[in-house]
1. Suppose we filter B:44, B:70 for residues that are at pLDDT 85 or above, within 30 Å of residue A:156 (Cβ to Cβ) and more than 13 Å from chain A (Cβ to nearest Cβ); which single one remains?
2. Go through the range A:141-175 and give me each residue that's exposed (fewer than 13 other Cβ atoms within 10 Å of the Cβ), touching a residue at least 40 places away in the same chain (Cβ under 8 Å) and either at the interface with chain B (Cβ under 8 Å from one of its Cβ atoms) or farther than 30 Å from residue A:89 by Cα (or both).
3. Confirm whether residue B:65 is within 14 Å of chain A (Cβ to nearest Cβ), part of a strand (DSSP E or B) and over 26 Å from the mean Cα position of the chain (by Cα).
4. If the Cβ limit is 6 Å and pairs must be 6+ apart or interchain, which residue in the range B:431-442 that is within 14 Å of chain A (Cβ to nearest Cβ) and over 20 Å from residue B:504 (Cα atoms) pairs with which residue that is of a type in the set (Val, Ile, Thr) and crowded, with 22+ Cβ neighbours inside 10 Å?
5. Would you be able to tell me the number of residues in the range A:40-79 that are under 15 Å from residue A:119 (Cα atoms) and assigned to a strand (DSSP E or B)?
6. Residue under question is residue A:135, and the condition is that it be surrounded by 21 or more Cβ atoms within 10 Å (Cβ to Cβ), within 14 Å of chain B (Cβ to nearest Cβ) and under 20 Å from residue A:58 (Cα atoms); does it hold?
7. Please tell me if residue B:462 is of a type in the set (Ser, Thr, Tyr) and either crowded, with 21+ Cβ neighbours inside 10 Å or in contact (Cβ under 8 Å) with a residue 24 or more places away in the chain (or both).
8. Tell me whether the range A:53-74 contains one or more residues that are surrounded by fewer than 13 Cβ atoms within 10 Å (Cβ to Cβ) and of a type in the set (A, V, I, L, M).
Amino acid sequence: MIKQVSLAVVAGFFAAGAAHAHATLEQSQGISGKGYKAVVRIGHGCAGKPTIKVRVKVPEGLLSAKPMPKQGWAIEKVKAPYEKSYDLYGKPVKEGVSEIVWSGGSLADDEYDEFVFRGTVAKELPLGTRIYVPIVQECTDGASQRWIEIPAAGKTSEDYENPAPYFDVIEQPRS
Amino acid sequence: MRSKALNWATSLLQPAAFLLMFAPGMLLPAIAHAHAALVSSSPASNETLATPAGAVRLQFNEPVRVIRAAARDAGGVSQNLTADTSGATVTLYLQDPIEHGSVIVSYRVESEDGHPIGGSLVFHVGAPSSSTTAMPRSATSTLAVAIWTVHTVSILYLAIVVGGALFNRWLDPGRVAPVRTVAAVVPGAVLLLTGLYLQGLDELGVGLVYAGLEPLATAAKGNGMIAAVLALLSIVSASLPIPSNRRAARGVAVLAMCIASAAFAFTGHCNVVEPGWLARLCIMLHGAALMFWIGSLLPLWRSSKTRFNQRPLLDFSRAVPLPFGLMLVAGATLAFIELPEISQLFSSLYGRILVFKVGLVTALCVLASYNRFYLTKPALAGNQGARVRLRRSIACEMVLAIAIVGAASLWRFAGPAASTVEQPRLSVHLHSAKVMAQLELSPQPPGKANARVVVMGPDFGSLEPRSVSLRLMNPDAGVEPIKYPLAKSPEGGWQADVLSVSDPRGWKVDVEVLIDDFTSAHLEGSLLTQ
């Protein structure tokens, strides 16, 4: 019995490990009104080609986004107005970083890497909202891989070939 | 032997272990999507091969496990494929390589995290098929012979029982025939059931073997079942004990005839040609007249044995021009509808069978006129020689009747000429909150269709998508999505050559529009929108 259970646990960790194959986010939940550290995990290139650029669309409602510098990669921050004004620690914010681009590096198809940024989850977002973070991987020879599919009503990300990674807005756990 | 308690414990252990296996997966990583994607294949997508392929190699981007794989030929006959997996490379073997036409290989694979993904590969052997579903099925020859024999015998039997009943009760009511309900119904039921079974075998594509009850279940889904039930019903009503009232007896015979001719309308090619109502009406009239004529031959032949009671012959020779003419007109109309171009008369199998059948019918007309205009009168007048000749001539007519029904049964294996099943262009409107699209599929012989998509913003505003792709799938028939990237067309819109879908039933479309770098939309719909 113990052997069976422990085997199942080990298998479970492997199942979790295997899930890193595509562009995903490490944290599945972001606390309303608090910072969210987005760890974008890139599991492979575009049909065998190495990744040379990673573009992340900062979702509406993730405020004052800041990328974490990454050795070997140049960072570009695209600023744009938000759809509406948000309250950030008592101050209204109307614009911010809407897209982050890491470029200049090269990530081979058989290598794994993480691209990190943080932002603040706007209080205005209703609890339980699923926030999708579309990601575009650009590779050599003009190839690309877009993790941008947002499920239509009645569907889940599982129904799509290239789903956008996401996290859910949750209430601050009481301690 | 295990104790019950232990069994109970183990039965609980499995779900518990299952839960444990996935619980860490749910807690630790955020989203667990690992989707295998097809990188390349051999034969390549849309490749035309000179010789049939015995194996198909699929190269994925990561190791996969094959859940199922099937190949579907142009006739819609599907075979399951055996798979040999080595890491990310899958080799699928066709037990029975498809000799000619377009092949759809559908696969469903699972990558290491257990997420299944389906796709289809289309390639062609020789040349693309002119259609994907309306081609005649390639029945194995023994099965084809069995189907043909049973079909021919069934029609003749139906004609003898139902047409014969009408003759006896209408034209020869004086004759006292013994009532043999069971003796008439049982062979009929056996014939019809055998016919259905063979039909089911053909649809399953397994050849002439015993396959349990599955073929019957398959056949029961089609029109063949309705036709068989109607035919059996007509045989039963025609062979029930005859009511003493002559008018009632006649009424029952007419009713049986109507039911039997309705059975004809549920089978055959009259269901695929336009206008459908005319084709069905013609086949009903044609069938009714044919049954009356063939059913009359046996009693006529019998009554011409003796010189007594020539009344039926007299009545028959008076009555027969109307149904006979009706049969010819209805038959000619059907041929005209199903074969629009005279040039196809010799080029298609359908046309050649038609020519053969018309030849037989001409011989029959000559014989019938000879009977009607030269033999009937002297035979009725008591001329011994004329009566014997008439008897011989009726026997010849019977042989011709069998040949004609046999020839018509061959049509089972030859659809109407290709141009009649040519599909009109299909037009589908698709929309979501962000984007709308108009998809048009126009057949482009040989065997391809041109897909054209015009993308619009909501409220018909203009929209310049980054890219557009189209997926065609038929989930009910086991056809996984066939993906086509569309190219921007100079005339506006997006287009590609795709598989020609002749029977839109069950086919679904998914138009994927890349609106900008980070936004895409899927527009889904059915090809058959009614």
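1. Among B:44, B:70, only B:70 is at pLDDT 85 or above, within 30 Å of residue A:156 (Cβ to Cβ) and more than 13 Å from chain A (Cβ to nearest Cβ).
2. Answer for the range A:141-175, where residues must be exposed (fewer than 13 other Cβ atoms within 10 Å of the Cβ), touching a residue at least 40 places away in the same chain (Cβ under 8 Å) and either at the interface with chain B (Cβ under 8 Å from one of its Cβ atoms) or farther than 30 Å from residue A:89 by Cα (or both): just A:141.
3. Values: within 14 Å of chain A (Cβ to nearest Cβ): yes; part of a strand (DSSP E or B): yes; over 26 Å from the mean Cα position of the chain (by Cα): yes.
When the stated conditions are applied, residue B:65 passes them.
4. Taking only residues 6 or more apart or on different chains, the pairs are B:435/B:513.
5. Total satisfying the criteria: 12.
6. yes
7. Details: of a type in the set (Ser, Thr, Tyr): yes; either crowded, with 21+ Cβ neighbours inside 10 Å or in contact (Cβ under 8 Å) with a residue 24 or more places away in the chain (or both): no.
For residue B:462, the condition - of a type in the set (Ser, Thr, Tyr) and either crowded, with 21+ Cβ neighbours inside 10 Å or in contact (Cβ under 8 Å) with a residue 24 or more places away in the chain (or both) - is not met.
8. Taking every residue of the range A:53-74 in turn, at least one turns out to be surrounded by fewer than 13 Cβ atoms within 10 Å (Cβ to Cβ) and of a type in the set (A, V, I, L, M).
The values are calculated or read from the model by the stated rules, or taken from the named source; none is laboratory data. Worth saying up front: this structure is predicted, and the values here are computed from it rather than measured. In this analysis, Cβ positions are derived from the backbone assuming ideal geometry, glycine residues included, and neighbour counts consider all displayed protein chains.
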